[in-house]
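A short write-up of the structure that comes next.
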Amino acid sequence: MIIRDHKKSYFIVFLTGMVMGILCRLTDFLPYEESLWSFPSVATLFGFWIASVGVITCLSSSNKGAFINSFLYMFGMTGSFYGLKYLLGFWSERFSNGGQFQTNLFLVYSVLAVACGIGSYVLYFWNRQNVFNSFLYALPAGGLLAEAAACLIVLCNRHMLLAQTIFDFAVGMAFGIGMYRKAYHKMLYIGTVIAAGALVFLLVYQPFLLNG
């Protein structure tokens, strides 16, 4: 399936993002205490965003389409995610936030939606058969495996985030193997996965783990 550069397709992508935001928010009804089976909202995982951008980029038909699709999907998900929390706050103290819409977080994640669009625009260049495509193919897999390693450490030390660990490893390996088959230069691809994963882990996840 290819997402064509058409207003109707963009609208469907936006609605899909809104549905995903609602589903992600509804996972907050699941246990969220610090336990092995806790499952805080999947939308808070960077791995989920990385996987979404990677899939949307693969399905897009142009750089422009990749940017618009990723932005609309993430923005739609962000809007419904925080909008539903605000509405649920009228009926449940669990979702209440002083009766206010979480504007600051909404704006932060809206900016991240723009960043996802830019990232998707750049990643689309992996369709060119040259050495650079091997570098781009490796980035989503490296990021997902970095978060998987971080979640695994939390799982071992604090006995929580089992579902997140499984998600990141499963999707990271799927991306890793799938992109390896398409990479123009296999060794560069493998090296970039390792380097990108290590760099993301050290810069993003290790500080979080040390402070946690």
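General observations
- When we screen Val171, Val154 for residues that are β-branched (Val, Ile, Thr) and in contact (Cβ under 8 Å) with a residue 60 or more places away in the chain, the only hit is Val171.
- Of the helices (runs of 4 or more DSSP H) lying entirely inside the stretch 105-212, the ones with 3 or more residues being surrounded by 14 or more Cβ atoms within 10 Å (Cβ to Cβ) are found at 131-158, 162-182, 186-200.
- Pairs with Cβ under 7 Å, 6+ apart, first in the stretch 23-36 and assigned to a helix (DSSP H, G or I), second surrounded by 12 or more Cβ atoms within 10 Å (Cβ to Cβ) and modelled with pLDDT under 80: Cys24/Ser41; Cys24/Val42; Cys24/Ala43; Arg25/Ser41; Thr27/Phe39; Thr27/Ser41; Thr27/Val42; Asp28/Ser41
- For the stretch 92-101, the count of residues that are touching a residue at least 12 places away in the same chain (Cβ under 8 Å), in contact with a Phe, Trp or Tyr (Cβ under 7 Å, 6 or more places away or on another chain) and on the phi < 0 side of the Ramachandran plot is nonzero.
- Considering residues of the stretch 73-95 that are in contact with a Cys (Cβ under 9 Å, 6 or more places away or on another chain) and of a type in the set (Ser, Thr, Tyr) only, the residue nearest to Cys116 (Cα to Cα): Tyr73
- Selection from the stretch 52-83 of residues that are more than 22 Å from Leu105 (Cα to Cα), assigned to a helix (DSSP H, G or I), of a type in the set (S, T, N, Q) and over 13 Å from the mean Cα position of the chain (by Cα): Asn63
The values are calculated or read from the model by the stated rules, or taken from the named source; none is laboratory data. Computed from a predicted structure; not experimentally measured. Every residue, glycine among them, receives a Cβ derived from its backbone with ideal geometry; neighbour counts consider all protein chains shown.
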